[in-house]
């Protein structure tokens, strides 16, 4: 199945949720942030603008950040923002280095103030 645009992504995610296959879908949009879809609705969350050194590991850092924040008891939208901050922090580092905690937390705090 080819998805071509936000409407297709949202429809496919809503179908998965309606079928009970998942509670939420998060789609990375790279430098544009991520699209979060859940029973509560859909939201595009922008990524902070950072200098890009390497994109290797950014997606892994996003997933790890979301999971970490959820494990800490954070709500879904906040956890996705933390994950996006982790992905943005990762691109600031040389290839094969993941995000640094202090960068992730600083970017997350800036996102929460916007």
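Every number in this text was worked out from the coordinates using simple rules, so none of it is lab data. Note that this is a predicted model, so its numbers are computed, not measured. Quick reminder, even Gly has a Cβ in these numbers, built from the backbone with ideal geometry, and neighbours come from all protein chains shown.
In terms of its alpha-carbon gyration tensor, region 63-114 comes out oblate; a/c meets the 1.5 threshold, while b/c is at least as large as a/b.
Taking a temperature of 4 °C and a viscosity of 1.567 mPa s, what whole-number D in µm²/s does Stokes-Einstein yield for the chain with Rh from Kirkwood over alpha carbon pairs? Rounded, D is 91 µm²/s. Mind checking the angle between helix 101-113 and the chain's longest principal axis? C-alpha axes, 0 to 90 degrees, to the nearest 10. In the chain, helix 101-113 runs at an angle near 60 degrees to the longest axis. How far, in degrees from 0 to 90, does helix 76-91 lean away from the longest principal axis of the Cα atoms of the chain, to the nearest 10? Compared with the principal axis, the helix lies near 40 degrees. A crude spin-label estimate for the pair residue 28 and residue 109, with each label 7 Å from Cα along the Cβ direction, gives 2.6 nm. Output the 0 to 90 degree angle, nearest 10, between the alpha-carbon long axis of helix 58-71 and the longest principal axis computed from the alpha carbons of the chain. With both axes taken from Cα atoms, the answer is about 70 degrees. Relative contact order, percent, of region 6-113 when contacts are C-alpha pairs under 8 Å separated by at least 6 residues? Normalised by residue count, the contact order of region 6-113 is 21 percent.
What separates the Cα centres of region 65-89 and region 1-31 is a distance of 19 Å. Label positions at residue 43 and residue 56, each projected 7 Å from the Cα along the C-beta direction, are separated by 3.4 nm. Of the residues 87, 33, 74, the one that moves most in a GNM of the chain with alpha-carbon contacts below 10 Å is 74. Each residue in 32, 39, 100 was given a count of other beta-carbon atoms within 10 angstrom of its own, and listing them fewest first yields 39, 32, 100.
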